[in-house]
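Enquirer: Below is one structure. I have some questions about it.
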Amino acid sequence: MPNAPISINNFYTVNHCPHPVKTVGILGGGQLGLMLAQSVLPFGIRCVFLEDAPDCPARLLGKVYSSEQFDDFMRACDVYTLEFENTPLSSAQMLEQQSTLYPPSHALFIAQDRLNEKRLFNELGITTVPFLAVHSFADLKTACDNLGLPLVLKTSRGGYDGKGQFVIKSESDIDTAWRELGKACKVAPLIAEGFIKFSREVSIIAVRSQQGEIRYYPLVENTHHNGILAKTVAPAPNVETLTTQAQENVKKLLEHLNYVGVLTLELFVTDTGLIANEIAPRVHNSGHFSIEGSVCSQFENHMRAVVGLPLGDTSMVKPSVMLNIIGNYPNLSQILAIEGVHYHGYDKSEREGRKIGHITIMPTDSDKLNETVDKVVGLLVNKLGM
Ligand code: AMP
């Protein structure tokens, strides 16, 4: 029989939710939305999504409204949140004025622009790379003189997974970098950042409740391949002193933004300590391990905060490693034949460089973690440089 599309949209009703907030409206309908909705199914809380791609992953768990159906989406929900930070700020502000949106739209305003983000970090005493705003070719030349080469030129808006960036290694790259990214200046200034020598990339995920309680997930170590997250090791090894600094940084941000929900802070580890790179005002790929690896996942904790339920325990069940599935699905029965492996596919079509699933590896015997990771990598179609 040919594969028929499956959807539970037709069965979408909330009948027995023992909580006043029954329906959460999520801006965006990607895999993060899908996993947010999965996390609160046991509570009887349902999600609907504002998303223009009708075949998005989240369609599996709730009704998807297009942006033209914004009013219907609004009427369907008790409270709103987001899974995609490039959601138009105006939609977020409208929801906030007319109802309740967590996190606040101001967090989006900050996270949507690398200059806003780094200026706020500095204002709060959080160390960043040296950076300068670039409005013109002349500014770029000045930035190269002042920051020195190499430097990273980035669009301040709309970039993701390493897109919209150019590493200027020598004088001869300056023209090319400007040809490639200069156009984006019409929308917003570019940002020139000093090129930092880091030993590792780490991230910290924290959650803040409506009452201001904060809980932290462990600092995790991330490895990227072609600009896309390939692997997360949770917890990151040897980071005891760095963990305190990371927690202090994320706490400052959560409190300053009067934030509710999950916030992610990405950092570089350098010889002189941690350097903050960027925030994501949402659940994050580097927290996917927490579905099985933590007592209460980032997804459930975000939703608990958004609907006003008590926060859950963020401590780890066991050390774990998360591998992203990029481009092509592996053979499911071979993957599941390995002990300690948890597979999550997002029901997305295969495409080069696309995140279509992830695997969390958490064998009962943690001494077997690395060898189990190697077995899984052996079965991945794209080995992501591992
Ligand atoms: P971003 O989009 O800012 O997360 O950048 C994507 C990747 O580029 C990061 O994960 C780093 O590996 C690298 N990168 C970004 N900014 C810098 C920088 N200022 N210096 C060195 N590497 C960087």
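The values are calculated or read from the model by the stated rules, or taken from the named source; none is laboratory data. Only a predicted model underlies this, so the values are computations on that prediction, with no experimental measurement involved. Every residue, glycine as well, gets a Cβ built from its backbone with ideal geometry; the counts of neighbours run over all protein chains shown. Surface areas here come from the heavy atoms of the whole protein model, side chains and all, with no ligands, DNA or RNA. Shrake-Rupley method; radii C 1.70, N 1.55, O 1.52, S 1.80 Å.
Enquirer: If the reach is capped at under 25 angstrom between alpha carbons, list the lysines near LYS141, excluding any in the same chain fewer than eight residues apart.
Expert: LYS141 reaches LYS118, LYS154, LYS163, LYS169, LYS183, LYS186, LYS197.
Enquirer: If you don't mind, another one. Given a cut-off of under 8 Å on Cα pairs at least six residues apart, what relative contact order in percent is computed for the range 8-101?
Expert: Values: 169 pairs, mean separation 30.3, N = 94.
About 32 percent, as a whole number.
Enquirer: Okay, moving on. Please report how far the C-alpha centroid of the range 259-279 lies from that of the range 343-359, rounded to the nearest whole angstrom.
Expert: 26 Å
Enquirer: Got the relative contact order for the chain handy, in percent, Cα pairs under 8 Å and 6 or more residues apart? Walk me through the numbers on the way to the answer.
Expert: Numbers: 803 pairs, mean separation 49.9, N = 386.
Normalised by residue count, the contact order of the chain is 13 percent.
Enquirer: Next question. Got a number for the accessible area of LEU149? Probe 1.4 Å, square angstrom, nearest 10.
Expert: Probe radius 1.4 Å; accessible area of LEU149 about 60 Å².
Enquirer: Okay, moving on. Karplus couplings for the range 43-59 from phi (6.51 cos²θ - 1.76 cosθ + 1.60, θ = phi - 60°), rounded to Hz, Gly and Pro as x?
Expert: 7, x, 8, 10, 10, 10, 10, 9, 7, 8, 9, x, 8, 5, x, 5, 4
Enquirer: In sequence order, what are the phi-derived ³J(HN,Hα) couplings for the range 216-228 according to the Karplus relation 6.51 cos²θ - 1.76 cosθ + 1.60 with θ = phi - 60°, rounded to whole Hz, with x for glycine and proline?
Expert: Once rounded to whole Hz, the list reads 10, 7, x, 5, 10, 9, 10, 10, 9, 9, 6, x, 10.
Enquirer: Can you list residues from other chains, or at least 5 along the same chain, whose modelled amide H is less than 5 Å from the amide H of LEU27?
Expert: Close amide H contacts, sequence-distant or interchain: LEU50, THR81, LEU82, GLU83.
Enquirer: Return the sequence-ordered ³J(HN,Hα) values of the range 95-109 in whole Hz as given by the Karplus equation 6.51 cos²θ - 1.76 cosθ + 1.60 applied to θ = phi - 60°, using x for Gly and Pro.
Expert: Once rounded to whole Hz, the list reads 4, 5, 6, 9, 8, 10, 10, 10, x, x, 4, 4, 5, 5, 3.
Enquirer: Further, regarding this structure: Report, in deg cm²/dmol and to the nearest 500, the calculated mean residue ellipticity at 222 nm for the chain, where each DSSP H run with n ≥ 4 adds -39500 (n - 2.57) and the sum is divided by the residue count.
Expert: Numbers: 12 runs with 109 residues, N = 386.
After summing the helix terms and dividing by residue count, I get -8000 deg cm²/dmol.
Enquirer: Once the dipole of the chain is set up with Lys and Arg at +1 and Asp and Glu at -1 on Cβ about the Cα centre, which of SER349, GLY227, GLN69 lies farthest towards its positive end?
Expert: GLN69
Enquirer: Return the distance in nm (one decimal) between the two label points of a simple spin-label model at THR272 and ALA337, each offset 7 Å from Cα along Cα→Cβ.
Expert: Rounded to a tenth, the inter-label distance reads 5.3 nm.
Enquirer: Of the residues VAL295, VAL250, VAL262, which exhibits the maximal mean-square fluctuation in a Gaussian network model of the chain defined by a 10 Å Cα contact cut-off?
Expert: In the Gaussian network model the winner is VAL295.
Enquirer: Ranked from the most accessible area to the least, with a 1.4 Å probe and all protein chains present, what is the order of LEU263, LEU89? Intermediate results must be reported in sequence, preceding the final value.
Expert: On the way: LEU263 0, LEU89 40 Å².
Heavy-atom accessible area, descending, gives LEU89, LEU263.
Enquirer: Keeping all protein chains in place, calculate the accessible area per residue for the chain (probe 1.4 angstrom), answer in Å². Walk me through the numbers on the way to the answer.
Expert: On the way: 17210 Å² over 386 residues.
Value for the chain: 45 Å² per residue.
Enquirer: GNM, the chain, Cα, under 10 Å: largest mean-square fluctuation among ASN301, ASN122, ASN86?
Expert: So, out of ASN301, ASN122, ASN86, the one fluctuating most is ASN122.
Enquirer: Follow-up. What's the extension gain from TYR216 to ARG75 if we count 0.36 nm per residue and subtract their Cα-Cα distance?
Expert: Values: separation 141, 0.36 × 141 = 50.76 nm, distance 3.36 nm.
Additional length available on full extension: 47.4 nm.
Enquirer: Between GLU248, GLU193, GLU352, which gets the highest mean-square fluctuation from a Gaussian network model of the chain, Cα cutoff 10 Å?
Expert: Maximum among the listed residues: GLU352.
Enquirer: Specify which residue in the list HIS19, TYR80, LEU36 is farthest towards the positive end of the charge dipole of the range 8-101, using unit charges on the beta carbon of Lys, Arg (+1) and Asp, Glu (-1), about the Cα centre.
Expert: My answer, from the dipole projection, is HIS19.
Enquirer: Simple spin-label model, 7 Å along Cα-to-Cβ: LYS169 to GLU352 in nm?
Expert: 2.2 nm
Enquirer: GLU255 to TYR329: extension gain in nm, 0.36 nm per residue of separation minus the Cα-Cα distance? Numbers along the way, then the final one.
Expert: Numbers: separation 74, 0.36 × 74 = 26.64 nm, distance 4.04 nm.
Gain on stretching GLU255 to TYR329: 22.6 nm.
Enquirer: Let me ask another. To the nearest 10 Å², what's ARG59's accessible area with a 1.4 Å probe?
Expert: 50 Å²
Enquirer: Between the range 62-97 and the range 202-226, how many Å separate their Cα centres?
Expert: What the calculation gives is 25 Å, centre to centre.
Enquirer: Still on this structure, please answer the following. Note down the magnitude of the dipole of the range 113-176 about its Cα centre, charges +1 on Lys and Arg C-beta and -1 on Asp and Glu C-beta and zero elsewhere, to the nearest 20 debye.
Expert: Approximately 160 debye in magnitude.
Enquirer: Antiparallel DSSP bridges in the chain: what percent, to the nearest 5? Before the final figure, lay out the partial values.
Expert: Details: 56 of 68 bridges.
In the chain, DSSP labels about 80 percent of beta bridges as antiparallel.
Enquirer: Rounded to the nearest 20 Debye, what is the dipole magnitude of the chain about its Cα centre when Lys and Arg each give +1 and Asp and Glu each give -1 at the C-beta?
Expert: Numbers: 33 positive and 41 negative charges, 58 e Å.
That gives a dipole near 280 debye.
Enquirer: Still on this structure: Let me spell out the model: positive unit charges on the Cβ of Lys and Arg, negative unit charges on the Cβ of Asp and Glu, origin at the Cα centre of the range 13-151. What dipole size does that give, in debye rounded to 20? Walk me through the intermediate numbers first.
Expert: Numbers: 9 positive and 15 negative charges, 62 e Å.
Dipole of the range 13-151, to the nearest 20 debye: 300 debye.
Enquirer: ASN226 label point, 7 Å along Cα→Cβ, cut-off 12 Å on backbone N: hits in the range 350-383?
Expert: Under cut-off, by backbone N: 351-355, 382-383.
Enquirer: Ignoring everything but the protein chains, give the 1.4 Å probe accessible area of TYR65 in square angstrom, nearest 10.
Expert: Ignoring ligands and nucleic acids, TYR65 comes out at about 20 Å².
Enquirer: Let me ask you something else. Can you give the net charge of the other residues whose Cβ lies under 12 Å from the Cβ of LEU384, counting K and R as +1 and D and E as -1? Working shown, then result.
Expert: Working: positive: LYS231, LYS355, LYS383; negative: none.
Result for the neighbourhood of LEU384: +3.
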